[in-house]
Amino acid sequence: MEKKSLKGYLYLLPALIIILVFTIYPLIKAVLMSFYEGYSIINGSFDAIGLGNYKELFSDKVFRKALTNTSIYVVFVVPCSILLSLLIAVLLNSKIRCKGMFQTLFFLPYVTSVIAIGIVWSWIFNSNYGLLNYVLSWFGIEAVPWLNSPDYALMALIIFSIWKSMAFDILIFLAGLQTISPDLYNAARVDATPKWRVFLKITVPGISPMIAYAFIMGMINAFKVYNEVFSLFKSSAGPANSAITVVYYIYDKFYNSADYGVASAAAVVLFVIILALTMIQRAVSDKKTA
Amino acid sequence: MEIRIENLTKAYGDFRAVDGMNLTICDGELVGLLGPSGCGKSTTLFMLAGLTEPTDGKIFFGDKDVTKIPPEEREIGLVFQNYALYPHMTVEENIMFPLINRKVNKKEAKERAYEMAKLVHLEGLMDRKPKALSGGQQQRVAIARALVKKPKVLLLDEPLSNLDAKLRIETREEIRRIQQEVGITTIFVTHDQEEAMSISDKIAVMDKGVVQQYEVPQSMYLEPENLFVAQFLGMPEINTFSAVVKDGAIYCGQVKLREISGLSDGTYTAGIRPESFEVREDGFAVEAAHVRMTGRDLLIYFTLDKEPLRVLAHSDLQIEKGGAFKLGVRQNQIMLFDADGSMIGKY
């Protein structure tokens, strides 16, 4: 018995070592670093332990901007992506031609590099030659400086991200739709159920676990948004930092300003926000299913 | 409502699931569609429901041709094999659902739902979700939901197959009672002959998409029109063997079974039900190869001139493996079928 369990732990060891070294240790270290004042990354010395980094962080306008931007981003991207994905998943699940082709098409963004997509979208958003402004011009809307104006940068980022995160949502909604028994739809037909009621009373409840999952994952990912910003604005945070996000801020503080303490404090704040929201979300969905 | 099925056909490519079916079901009757899996019985039911579109043929409800009418306008109640209860609604909401969809006001819908619940004995369970109900209770919710909109026809797909043995007998009596109380024309699909025979007014036995026989249960059992029906009905299955008719007698190998007249000499397929033998002093001598005690009966395996046969005898018969006994066939209990499998007569 003893021997057996020892063997089991040995099998776990490689993965455990990697997790300990690259996840658990940095996590603890980041929390510690956020409290070190005057920290030197070269010799690991620090002057004092205190809340100095947090004070500096919250008095930084750029961080507050990053926090606001990220919140706006989450509030728009997550629900919009879920709603649109739901609609598309239901359409893809119905009897249409070239179903397989459309499914592949909608899943492509998920398996394509964000940087590559970012380049395409920065062309779409181009104020002079961009596809989006061209389409808008049909409706008599004047050219919008999507990527060059602080007023539109965040909106451009949100549009880009909604499109990008839909791929994953559509995939899990499609998987969820397959689990709903076709007999339920037949029963609803015999019961003369209007289409929208079928959607609300059968489809949505049927995939509610997937919706909850998409919501949590979407929110966590949305709070961590960085790649999208980096690729869309060509390694900047948009004109005048107008599309800066919390992770972008952390990255900038750490690598560009070498302000390790503040970067760590920002990381801890982000961690706490995500943790809290996930816990609330779980409590709500547990209550619903109970 | 009388139901008339005319030349109904459903083809999937070259395969004909239902092939030129004709059937008339009288108003208020309970009819069982019985057959092995793949015989087309469920396809027929779903065509009656309007969920499957026939390739050819017509369906009439009363005088009305409903072939092209969608399910929601056919005035049918349909109970699915897995019940298809809406899992996120309570029993009450499930039963009310068809009414709410038809814009019946909430108060009336609730009253009618409770009326139905009373009919199927579901009072007290109205706040439960389907998951919290037993199989039999779910079944009754499904029936209540099907009947609440006062349909003209009730259709049930394998209504008992998801229930355990004891519940099955209880539930089939329930279905019969509810059907009689409501007086609704009802068609149900089953592969279980006992189920079909015990509650149906009439049974339609199907095979390969064709109705083999449409009869009241007892006549169907006693007077099967063909070999398929004879073999499909009866547990244990009917004994069949090739019999020779010559010089005015039926032979199994060299053993003379019956003296007859009026049948031309030749080879026929004979069918004798296991319970049609009787232990008789002046019968032919056989030896018991196996004896199976089933409780009420003894099932004895024996060979009659190399033909393996079975006899169902009363359990008080004292016989063991290898024991010798004498058998005869009761009058009028030897069925003869021609080469096509059609019944010629009973001897």
Item to check | Options A:GLY118, A:GLY38; residue that is on the phi < 0 side of the Ramachandran plot and either in contact (Cβ under 8 Å) with a residue 24 or more places away in the chain or surrounded by fewer than 12 Cβ atoms within 10 Å (Cβ to Cβ) (or both) | outcome: A:GLY118
Checklist entry - What about B:GLY283, is it modelled with pLDDT under 90 and either in a strand (DSSP E or B) or within 28 Å of the chain's Cα centre (by Cα) (or both)? => result yes
Checklist entry - Only one residue in B:ALA17, B:ALA117 is free of Cβ contacts under 8 Å to residues at least 40 places away in the same chain, in the same structural domain as B:ILE175 (by TED's automatic domain parsing), outside any loop (DSSP other than H, G, I, E, B) and buried (at least 17 other Cβ atoms within 10 Å of the Cβ). Which one? => result B:ALA117
Checklist entry - Scanning for something in the same structural domain as B:ALA144 (by TED's automatic domain parsing), outside any loop (DSSP other than H, G, I, E, B), over 27 Å from A:PRO194 (Cβ atoms) and not acidic (Asp, Glu), does region B:65-81 turn up at least one residue? => result no
Checklist entry - Of the numbered conditions (1) over 16 Å from B:ALA146 (Cα atoms); (2) at pLDDT 90 or above; (3) away from every other protein chain (no Cβ under 13 Å), B:GLY38 satisfies every one except a single condition; which is it? => result (2)
Next on the checklist: Being under 30 Å from B:VAL79 (Cα atoms) and surrounded by 18 or more Cβ atoms within 10 Å (Cβ to Cβ) narrows it down to one residue among A:ILE207, A:ILE180; which is it?
Outcome noted: A:ILE207
Next on the checklist: Within region A:77-92, does at least one residue satisfy the condition of being part of a helix (DSSP H, G or I), at pLDDT 90 or above and among the polar types (S, T, N, Q)?
Outcome noted: yes
Next on the checklist: Pairs please, first residue from region A:85-112 and closer than 13 Å to A:LEU171 by Cα, second anywhere and acidic (Asp, Glu) and modelled with pLDDT of 85 or more, Cβ atoms under 7 Å, 6+ apart in sequence or on different chains.
Outcome noted: A:SER85/A:ASP169
Item to check | Single match in A:ALA175, A:ALA167 (criterion: farther than 30 Å from B:LEU147 by Cα and without any contact (Cβ under 8 Å) to a residue 40 or more places away in the chain) | outcome: A:ALA175
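Residue-by-condition table, conditions (1) more than 18 Å from A:SER81 (Cα to Cα); (2) of a type outside the set (D, E, K, R); (3) within 22 Å of the chain's Cα centre (by Cα); (4) not assigned by TED's automatic domain parsing to the domain that holds A:PHE160:
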position: A:ALA188; (1), (2), (3), (4): yes, yes, no, no
position: A:VAL198; (1), (2), (3), (4): yes, yes, no, no
position: A:LYS201; (1), (2), (3), (4): yes, no, no, no
position: A:GLY206; (1), (2), (3), (4): yes, yes, no, no
position: A:ALA222; (1), (2), (3), (4): no, yes, yes, no
position: A:VAL225; (1), (2), (3), (4): no, yes, yes, no
position: A:PHE271; (1), (2), (3), (4): yes, yes, yes, no
position: A:ILE280; (1), (2), (3), (4): yes, yes, yes, no
Item to check | region A:121-136 - residue that is surrounded by 12 or more Cβ atoms within 10 Å (Cβ to Cβ) and part of a loop (DSSP other than H, G, I, E, B) and, of those, modelled with the highest pLDDT | outcome: A:PHE125
Next on the checklist: If I ask for residues that are over 14 Å from B:LEU309 (Cα atoms) and surrounded by 15 or more Cβ atoms within 10 Å (Cβ to Cβ), which ones from region B:247-268 would you list?
Outcome noted: B:ALA249, B:ILE250, B:TYR251, B:ARG258, B:LEU263, B:TYR268
Next on the checklist: Is it the case, given these coordinates, that B:ALA339 is surrounded by 13 or more Cβ atoms within 10 Å (Cβ to Cβ) and not polar (S, T, N, Q)?
Outcome noted: no
Item to check | Filter pass, B:LEU160 being buried (at least 22 other Cβ atoms within 10 Å of the Cβ), within 30 Å of B:THR55 (Cα to Cα) and either over 17 Å from the mean Cα position of the chain (by Cα) or within 14 Å of chain A (Cβ to nearest Cβ) (or both) | outcome: no
Checklist entry - Taking B:LYS103 and the conditions (1) surrounded by fewer than 20 Cβ atoms within 10 Å (Cβ to Cβ); (2) away from every other protein chain (no Cβ under 14 Å), which numbered condition does it fall short on, given that it satisfies the others? => result (2)
Next on the checklist: Just the residues that are of a type in the set (D, E, K, R) and under 19 Å from A:ALA267 (Cα atoms), please, taken from region A:29-49.
Outcome noted: A:LYS29, A:GLU37
Next on the checklist: Looking for something touching a Leu at 6+ places or on another chain (Cβ under 7 Å) and either within 14 Å of chain B (Cβ to nearest Cβ) or assigned to a loop (DSSP other than H, G, I, E, B) (or both) - is there at least one such residue anywhere in region A:166-185?
Outcome noted: no
Checklist entry - Taking helices (runs of 4 or more DSSP H) that do not extend beyond region B:158-269, which have at least 2 residues that are modelled with pLDDT of 90 or more and farther than 30 Å from B:ARG74 by Cβ? => result B:217-222, B:227-232
Next on the checklist: Can you pull out every residue in region B:20-67 that is buried (at least 22 other Cβ atoms within 10 Å of the Cβ), farther than 22 Å from B:GLU2 by Cβ and touching a helix residue (DSSP H, G or I) at 6+ places or on another chain (Cβ under 9 Å)?
Outcome noted: B:GLY35
Next on the checklist: Could you list, ordered by first residue, the pairs with Cβ atoms under 9 Å in which the first is in region B:84-100 and more than 10 Å from every other protein chain (Cβ to nearest Cβ) and the second is of a type in the set (Gly, Ala, Ser) and surrounded by fewer than 24 Cβ atoms within 10 Å (Cβ to Cβ), at least 6 apart or interchain?
Outcome noted: B:VAL91/B:ALA117; B:GLU92/B:ALA117; B:ILE95/B:ALA109; B:ILE95/B:ALA117; B:MET96/B:ALA109
Next on the checklist: Of all residues being within 12 Å of A:SER34 (Cα to Cα) and not hydroxyl-bearing (Ser, Thr, Tyr) in region A:263-279, which is surrounded by the fewest Cβ atoms within 10 Å (Cβ to Cβ)? Just the residue, please.
Outcome noted: A:VAL269
Item to check | Residues that are surrounded by fewer than 17 Cβ atoms within 10 Å (Cβ to Cβ) and part of a strand (DSSP E or B), drawn from region B:302-327 | outcome: B:THR303, B:GLU307, B:PRO308, B:HIS314, B:ALA324, B:LYS326
Checklist entry - Does B:MET89 fit the bill of being among the aliphatic types (A, V, I, L, M) and assigned to a loop (DSSP other than H, G, I, E, B)? => result yes
Checklist entry - How about region B:118-147: which of its residues are farther than 21 Å from B:VAL189 by Cα and in contact with a helix residue (DSSP H, G or I) (Cβ under 6 Å, 6 or more places away or on another chain)? => result B:LEU122, B:GLU123, B:LEU125, B:MET126, B:ARG128, B:PRO130
Checklist entry - Which one is farthest from the other protein chains (Cβ to nearest Cβ), of the residues in region A:147-165 that are assigned to a helix (DSSP H, G or I) and of a type in the set (A, V, I, L, M)? => result A:ALA153
Checklist outcome for this item: Note: among A:PHE63, A:PHE46, just one is touching a helix residue (DSSP H, G or I) at 6+ places or on another chain (Cβ under 7 Å) and either surrounded by 14 or more Cβ atoms within 10 Å (Cβ to Cβ) or in the same structural domain as A:MET166 (by TED's automatic domain parsing) (or both), namely A:PHE63
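The values are calculated or read from the model by the stated rules, or taken from the named source; none is laboratory data. Fair warning: this is a prediction, and the values are worked out from it, not measured in the lab. Virtual Cβ from ideal backbone geometry, glycine too; neighbours counted across all protein chains shown.
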